[in-house]
């Protein structure tokens, strides 16, 4: 066995040397059996940050597993991002505030328990209850009775939200606190997944081996090392797994996962390390995927600081935006895994969903002369200096900050006026940010929870919104967002949101830097690999040859 | 603890004079077994007349200095260090560009006229940055090494020499310091500092670096004080201070020098680790450490980015290793 | 001797208390970890407050520490943020790292001392110069680069070894990572033994031994080496802890889920149970390693005695 492997690798090495293409598939990778429908896909993974509860998972690594294990009322089409009914037969409303949800027949959890209205209501109440310390509990905050289970201070008064009522095993109603026309579209988010009874009766056991209603079941889970998921033959949904299962292997460094991919020990890497991007086309050819995701990176200004927030400074903010050569930075630093920012949403929304590549206009185009002029007209940089802040413990944050500063310095031409302020840990950065201590522009990344333009604007720029770290406040913007939320006609609502977004283009409370793509690479053994809008691979569609 | 009441050694020689000169003449090489020990780096030692103790009153240390000046290894390494220091102070002497001027369009490009070492990821000129990086890197490396070596050998030497509870306390404190992870220490101590100078970084490296040198020094002193002439000196009533400085220290210093010269290189690299964490040297400071750590992940794409700053670091370490060797040789009468 | 060892072991108690408090304080000084648990989104205040309360983060530092120590004496080292108990993390990480460290130390001893003896006996010859050049390369090229290149050449290009280490991390898969980890220390060990050997090569006892007509290899191994080892042994003793706790880069390159990685994650996430637990064990390892080194002094140099 070992000898055979040696010989094969030697042959591969020769092939590499001769043709400069990597040696991937056909190896004994993944520990899986043969090909075809029974083949096992091995894929890179990172340790989830929180225990794998649906309402407690807000990052990609945990999200990967939940996407295989759970199906909710709706599911975002991996291609179009449209929210299509999954478990929901229909979601009816007359007033955009009270909804009646009817479930489809025949859905079961993999332990044979049927999925009922109660499975949803119990799960949502659990997720909202402050005692369960679920990260995603604010997703339930629109439901009537949320304050009873999730008071701002003190003990909760109730265990259930009064806005959720089970009518019969197939039907339940939801009462919202206010009109929210696109609320059904948010139900594809994983926090809204149903949970089996076992989750509540044997919680620790469930966490060791989660049970859901998705196309896969957990075969084994070794925390910190990996998880083996297998196709669930009893799955009744239309999106059955086209492979025999997925082995997730924990890597502490994406570069290592990449090395395993090109040496044939791994089938799928869903995060190409920055330093390999220059070689990835050589190494993988058309087995490299680089597609837009629902992520935008911006530089947010501390408008709570009068230096930046006072009247007239919008010219300086626009000037800084125009001093950043986005094309060059996305090309040289990110190797086109970022797309220059042209509005405050994401191309993954599509034009229909509200993305508009002309919205920022000239303010997002590199024009050093105009930039210099605007900054001068606005009264110059505060104190003649600008300092960019970001955490540097992940990503290539240090590199792009340096590049942005160099771009600004070269455009203004007054020496090193732009400097970077790297912060060692994300926690420290987040604490400084939420204490409003930062006195210069800082990085804000935003990954949308669902493909809605509302999610890119309201939480970030609405007055007093939870993630409005720059304290931007504009009554016209707030008014347009309110109107858009009440608008039941989708295209009209989106037009209103875009009107609101135009105010951002004038005021520039944050500079759109670039849209972040999902990038992935895979071996020759597997095909039909795609990423969804959340840059999570669509595992059930992968086929093994 | 080492036993202080060991029998006194035979007082065969004047124990308070310079260290015992054994019958090792400079022409003693080619002795049995050919354990030939030359001046190092295959440079011939000046042959000929006795360079031994002619002027009687010369102390050990001035003796060593006399010895040093004639050692070509010492001369060459001193010249190299002098060159590095001059570059560190006046980088513009050999580099006319601006290390902070970067054109992203030239990212990772190879050499071209006027830019002999090519460009780094940000499109800055590698040659200019390597020259300008000397100042911060050499300051950090030399000051941190000196600090850690002085503090470490003083504390370690005293602990090893006197033993008993002082040794216990110091060694246990060192153990706790060893336990502090660099990442944690750096984030805690350096993130509160806003200074853009190199001194916080130097101080932090000294703080983390002294325990290792202290342990090496302690071990050497424990062995050195067992030597007969030390015991003899003690028997004749030499004071502790005199014994430590005259008899023990010169015999114990070699391992400290070796560790310190190599540590010089690792400290320069450690500065880069701190920068990577966002707590090291801050821009606009340019350093080899930062450039090396930026170049490392790009090794497959642009090896030239690594070559030059790493080469400069090698040269610096080489100069100090040679200097250390020469100093050590000068302090060791057996090698004369 | 026995009393000496017991006294040294008793010294562990104050060191244990001192280092746990110091590290606890340092992680505390890093700041509030809760905000970072929520990703890009702003933390929900009520949820965050409850997490803080459950982790005792709303208490003053001394109460937090007492609570933590109380838990430790019940054998509970707390939990990491992903819900895994720190005892579990330690049980999975320390054996792997211990194996990696053993491999690294083995190479340090075998290669380092061999090269040191050779270069010490042949000072100034070409072998000495070559080893010096290698030393310089090892010092100035980051571990990331050497690790990555060796992994690429042996693991990917030639396929002699698996490029990454499997979760069980058996010894044979740890050879390459062990060499990478040992490289910088190798430079120290080589040069330390070279200097000691060169220094002692002219000592009386070596001349005596040679004059007695002993074979050369016997003179070198029995007399010269034994008397030259004390600085080397001291260095390796100090290195054990550094190798165990500081192998972050090597562990990442070869995907080893060891102490360095867990410690690093714990620090970046400000998780005091993880960091304090791991560092405490590391400090105990230091104490034991240094005790062993001190005892070895007496073995190598019989003139040194412990009472």
| Looking at (1) outside the structural domain of residue A:435 (by TED's automatic domain parsing); (2) under 27 Å from residue B:106 (Cβ atoms); (3) surrounded by fewer than 22 Cβ atoms within 10 Å (Cβ to Cβ); (4) within 26 Å of the chain's Cα centre (by Cα), which is the one condition that is false for residue A:327? | (1)
| If you go through segment C:219-234 one residue at a time, do you hit one that is in contact (Cβ under 8 Å) with a residue 40 or more places away in the chain, at the interface with another protein chain (Cβ under 7 Å from one of its Cβ atoms) and under 27 Å from the mean Cα position of the chain (by Cα)? | yes
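Matching residues to (1) within 14 Å of chain A (Cβ to nearest Cβ); (2) at negative phi; (3) in contact (Cβ under 8 Å) with a residue 40 or more places away in the chain; (4) over 21 Å from the mean Cα position of the chain (by Cα):
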| position | (1), (2), (3), (4) |
| --- | --- |
| B:306 | yes, yes, no, yes |
| B:310 | no, yes, no, no |
| B:318 | no, yes, yes, no |
| B:321 | no, yes, yes, no |
| B:328 | no, yes, yes, no |
| Members of segment C:285-307 that are buried (at least 16 other Cβ atoms within 10 Å of the Cβ) and facing chain B (nearest Cβ under 7 Å) | C:286, C:287, C:290, C:297, C:301, C:303, C:304, C:306
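Table: residues versus (1) away from chain B (no Cβ under 14 Å); (2) touching a residue at least 12 places away in the same chain (Cβ under 8 Å); (3) not in a loop (DSSP other than H, G, I, E, B).
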{"site": "A:335", "(1), (2), (3)": "no, yes, no"}
{"site": "A:344", "(1), (2), (3)": "yes, yes, no"}
{"site": "A:351", "(1), (2), (3)": "yes, no, yes"}
{"site": "A:362", "(1), (2), (3)": "yes, yes, yes"}
{"site": "A:369", "(1), (2), (3)": "yes, no, yes"}
{"site": "A:374", "(1), (2), (3)": "yes, yes, yes"}
{"site": "A:387", "(1), (2), (3)": "no, yes, yes"}
{"site": "A:400", "(1), (2), (3)": "no, yes, yes"}
{"site": "A:403", "(1), (2), (3)": "no, yes, yes"}
| Scanning for something modelled with pLDDT under 95, under 17 Å from residue B:304 (Cβ atoms), under 22 Å from the mean Cα position of the chain (by Cα) and more than 13 Å from chain A (Cβ to nearest Cβ), does segment B:98-119 turn up at least one residue? | no
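From the list C:237, C:277, exactly one residue is facing chain B (nearest Cβ under 9 Å) and either surrounded by 20 or more Cβ atoms within 10 Å (Cβ to Cβ) or modelled with pLDDT of 90 or more (or both). Which is it?
Answer to the selection: C:237.
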| task | Please find, among C:33, C:45, the residue that is surrounded by fewer than 17 Cβ atoms within 10 Å (Cβ to Cβ) and within 14 Å of chain A (Cβ to nearest Cβ). | result | C:45
| Looking at (1) within 23 Å of the chain's Cα centre (by Cα); (2) crowded, with 17+ Cβ neighbours inside 10 Å, which is the only condition residue A:121 fails? | (1)
| request: Can you tell me which residue among C:4, C:68 is surrounded by 20 or more Cβ atoms within 10 Å (Cβ to Cβ) and within 27 Å of the chain's Cα centre (by Cα)? | output: C:68
| Can you find even one residue in segment A:285-294 that is surrounded by fewer than 24 Cβ atoms within 10 Å (Cβ to Cβ) and under 24 Å from residue A:508 (Cα atoms)? | yes
| request: Would you mind finding the one in A:82, A:113, A:89 that is over 30 Å from residue A:489 (Cα atoms) and surrounded by fewer than 20 Cβ atoms within 10 Å (Cβ to Cβ)? | output: A:113
| remark: Only unsatisfied item for residue A:130, checking (1) farther than 25 Å from residue A:485 by Cβ; (2) within 18 Å of the chain's Cα centre (by Cα), is (2)
| query | If a residue has to be in contact with a helix residue (DSSP H, G or I) (Cβ under 6 Å, 6 or more places away or on another chain) and farther than 17 Å from residue B:224 by Cβ to count, how many in segment C:195-215 make the cut? | reply | 3
| Of the residues that make up segment A:301-323, is at least one within 14 Å of another protein chain (Cβ to nearest Cβ) and either in contact with a helix residue (DSSP H, G or I) (Cβ under 7 Å, 6 or more places away or on another chain) or assigned to a helix (DSSP H, G or I) (or both)? | yes
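May I ask you to say which residue of C:263, C:243 is surrounded by 24 or more Cβ atoms within 10 Å (Cβ to Cβ), in a helix (DSSP H, G or I) and within 8 Å of another protein chain (Cβ to nearest Cβ)?
Details: C:243 fails: within 8 Å of another protein chain (Cβ to nearest Cβ).
Unique residue meeting the criteria: C:263.
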| Failed item in (1) more than 11 Å from chain A (Cβ to nearest Cβ); (2) farther than 30 Å from residue C:167 by Cα; (3) outside any loop (DSSP other than H, G, I, E, B), with residue C:72 passing the rest | (2)
| Which is surrounded by fewer than 23 Cβ atoms within 10 Å (Cβ to Cβ), closer than 26 Å to residue A:75 by Cβ and away from every other protein chain (no Cβ under 14 Å), of A:459, A:451, A:491, A:475? | A:491
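To keep it simple, each residue is scored yes or no on (1) in contact with a helix residue (DSSP H, G or I) (Cβ under 6 Å, 6 or more places away or on another chain); (2) under 30 Å from residue A:247 (Cα atoms).
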site	(1), (2)
A:425	yes, no
A:429	no, no
A:436	no, no
A:443	no, no
A:456	no, no
A:459	no, no
A:502	no, no
A:508	yes, no
A:530	no, yes
| Residue list for segment B:186-217, filter: within 24 Å of the chain's Cα centre (by Cα) and at the interface with another protein chain (Cβ under 7 Å from one of its Cβ atoms) | B:212, B:215, B:216
| query | For segment A:414-428, does any single residue satisfy the condition of being within 14 Å of another protein chain (Cβ to nearest Cβ), part of a helix (DSSP H, G or I) and modelled with pLDDT of 90 or more? | reply | no
| note | Checking C:10, C:98, C:57, C:61 in turn, the sole residue that is more than 9 Å from chain A (Cβ to nearest Cβ), touching a helix residue (DSSP H, G or I) at 6+ places or on another chain (Cβ under 8 Å), over 20 Å from residue A:426 (Cα atoms) and at pLDDT below 90 turns out to be C:61
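When only residues in segment C:144-169 that are without any contact (Cβ under 8 Å) to a residue 60 or more places away in the chain and part of a loop (DSSP other than H, G, I, E, B) count, which is nearest to the other protein chains (Cβ to nearest Cβ)?
For segment C:144-169, the residue satisfying everything is C:159.
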| query | Of all the residues that make up segment C:266-307, how many are closer than 28 Å to residue C:4 by Cα and outside any helix (DSSP H, G or I)? | reply | 7
| query | Taking segment A:256-276 on its own, how many of its residues are within 14 Å of chain B (Cβ to nearest Cβ) and more than 21 Å from the chain's Cα centre (by Cα)? | reply | 6
| query | Which condition breaks for residue B:148 when tested against (1) within 11 Å of chain C (Cβ to nearest Cβ); (2) closer than 26 Å to residue C:275 by Cβ? | reply | (1)
| task | Have a look at A:114, A:51 and point out the one that is under 23 Å from residue A:225 (Cβ atoms) and more than 17 Å from the chain's Cα centre (by Cα). | result | A:51
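The values are calculated or read from the model by the stated rules, or taken from the named source; none is laboratory data. All values derive from a computational prediction rather than experimental measurement. Cβ atoms come from the backbone with ideal geometry, glycine included; neighbour counts cover every protein chain shown.
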